[in-house]
Amino acid sequence: MRPLACCLVLVLAAPGLAAPRASSAVARSRTLEQELLGAVRAVDFTPVLDWRRSGQRLATPPNLDVAVIELDAEGRPVAAANVLLSRDYPRGRVVPLEPKRWGTRAVRFTRWDPERWNGKKGWADAGPEEDLVPGRASAPLRFMAPYPASLFKILVAYGVLRMVDQGELTLDTPYHFTSGQEDRGERPVRGWMDPMITESNNGATEALVKLLHERGGMARLNAELAALDLGTLQVNGTSPVTGRGWQPGSIHMTALDTARLFLLIDGGPGLLWKTTRGREVTAATLSEPSRAFLKGLLAEQGFAEGLSSTVICGDPNARPGLPVAVPARFLDAEGRATVGTNVFGRDTRPCNAAAQVEFLHKTGQTENYGSDAGIVRALPGQTPRHYVIALLSTLGYRYYDAGVAPSANFQDEENGFPRVVTGIHFTQTLAELGHRVDEVMKQRGAASAESFPHFDKAP
């Protein structure tokens, strides 16, 4: 299958430097597209096993949406790529992007429908009421967007910080949370934000979802994201009483829009992208203090899994992923990670010592869905690279690899999943994909440090 070519992308030069020629910009973007497509194709998803099908191999290719935005040392976008994998595109398909936007209108994204996924409905007969954004009925590509799971908590964080920036509250504003009739106590806003991001704590997320409802922030959130041309990022159907009600088919994210949101959070100078209505989006959309606070939490995110595998360092079933370290706050004296109620039990110190990059990210996982997205920056002394990556997929914890198959108990429901016994939450195909993408970006970063003065060389 021949991938679609990407449109011209805009490359922004550092102050005082001439922008690369348009032909160079096209070449840079097209090479990233082909390298990302190659990374996806190099990962063999066919051996992945499905607990819900008694350990049989995957019946169809997973739905996988992965995007990468390459940045220079200061955070200016210089190239972008988006690849879809699905039963429609079993070999992967490059998404054509639009100039100056780092976005696309070439995909008809539809809401997640478990019945359509499981064959109780036709795969390709979704009506217009299922579109995430209108007006794409004739788009050349189509894709049913997987539920983002806890990755959607980055949208909650964004909504809260927008209210902080608008002076409606501060990070130190106390918030007393009651869920229905249950009293959950009082903390400052930052005290709810920290565990929501660093430990993916659901109770803290419920509190902030309810806070958004009470102060009118939830009603504004989707409109503000749409105005940024991030219209596939949506939080719908949540309860103003309990803060819950997080359902597939109601909460939506796609990789490219997620990557652009992280691009904004990263906060490079100048124009980040231009919307279809001509709005120039800059890092000032979030204040510098809000971005710094959120990036600090993302850097302390404890689940070094998904696109990484550091929390299961040394396990014979682990595959190399993004070479990151587990934040020290989650480690005991022997390097074993405990994140919230999740005890991983491996000595992470060798992998932490070998870390090459910092990953400011948020993961998400349920039984049916797995996601990971964030900002990657080389650590001092390592090959320079700076990029945003976002992955959404149908590879939740019901899917696992052959090495942990003996631990599967198909009669014991939640306790029967291999992750319960092994502590390996994700199929390692996703970590392998993270590793392959980072190798691509490492090579591009090394070349860019020599070719473009606005890339820092490793010290």
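The values are calculated or read from the model by the stated rules, or taken from the named source; none is laboratory data. All values derive from a computational prediction rather than experimental measurement. Glycine also receives a Cβ, built like all others from the backbone with ideal geometry; neighbour counts cover every protein chain displayed.
Observations
- Test: residue in region 61-68 that is farther than 30 Å from A283 by Cβ, out of contact with any His (no Cβ under 6 Å at 6 or more places or on another chain), among the β-branched types (V, I, T) and surrounded by 18 or more Cβ atoms within 10 Å (Cβ to Cβ): no
- For the condition among the β-branched types (V, I, T), touching a residue at least 12 places away in the same chain (Cβ under 8 Å) and buried (at least 16 other Cβ atoms within 10 Å of the Cβ), V343 does not qualify.
- Single residue of region 276-290 satisfying the filter (of a type outside the set (G, A, S) and touching a residue at least 60 places away in the same chain (Cβ under 8 Å)) that is nearest to L171 (Cα to Cα): L286
- Test: residue in region 308-322 that is surrounded by fewer than 22 Cβ atoms within 10 Å (Cβ to Cβ) and in contact with a Gly (Cβ under 6 Å, 6 or more places away or on another chain): yes
Yes or no, residue by residue, for (1) modelled with pLDDT under 95; (2) closer than 24 Å to D183 by Cβ; (3) touching a strand residue (DSSP E or B) at 6+ places or on another chain (Cβ under 7 Å); (4) acidic (D, E):
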position: I197; (1), (2), (3), (4): no, yes, yes, no
position: L212; (1), (2), (3), (4): no, yes, no, no
position: A223; (1), (2), (3), (4): no, no, no, no
position: T232; (1), (2), (3), (4): no, no, yes, no
position: T242; (1), (2), (3), (4): no, yes, yes, no
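- Whenever a residue of region 87-99 is surrounded by 21 or more Cβ atoms within 10 Å (Cβ to Cβ), its partners that are outside any loop (DSSP other than H, G, I, E, B) and of a type in the set (S, T, N, Q), lying with C-beta atoms within less than 7 angstrom and at least six residues away or across chains, give the pairs V95/N82; L97/N82.
- Leading residue by the ranking (farthest from D229 (Cα to Cα)) among those in region 114-140 that are among the acidic types (D, E) and in a helix (DSSP H, G or I): E115
- Yes/no for E413 being among the charged types (D, E, K, R) and more than 24 Å from the chain's Cα centre (by Cα): yes
- Some residue of region 143-165 being surrounded by fewer than 20 Cβ atoms within 10 Å (Cβ to Cβ), in a strand (DSSP E or B) and modelled with pLDDT of 95 or more: no
- Top-ranked residue in region 180-205 [being of a type in the set (A, V, I, L, M, F, W, C) and in contact with a Pro (Cβ under 9 Å, 6 or more places away or on another chain); ranked as surrounded by the fewest Cβ atoms within 10 Å (Cβ to Cβ)]: V189
Each row is one residue, and each column tells you yes or no for (1) crowded, with 17+ Cβ neighbours inside 10 Å; (2) modelled with pLDDT of 95 or more; (3) under 19 Å from the mean Cα position of the chain (by Cα); (4) not in a loop (DSSP other than H, G, I, E, B).
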position: Q247; (1), (2), (3), (4): no, yes, yes, no
position: A259; (1), (2), (3), (4): yes, yes, yes, yes
position: G278; (1), (2), (3), (4): no, no, no, no
position: A292; (1), (2), (3), (4): no, yes, yes, yes
position: A304; (1), (2), (3), (4): yes, yes, yes, no
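- V40 being within 19 Å of S393 (Cβ to Cβ), among the β-branched types (V, I, T) and not in a helix (DSSP H, G or I): no
- Of all residues in region 43-59, those that are surrounded by fewer than 17 Cβ atoms within 10 Å (Cβ to Cβ), at pLDDT 95 or above and outside any helix (DSSP H, G or I) total 8.
- Tally, over region 261-276, of residues that are in a helix (DSSP H, G or I) and β-branched (V, I, T): 1
- Flag if A408 is over 19 Å from K362 (Cβ atoms), among the hydrophobic types (A, V, I, L, M, F, W, C) and out of contact with any Gly (no Cβ under 8 Å at 6 or more places or on another chain): no
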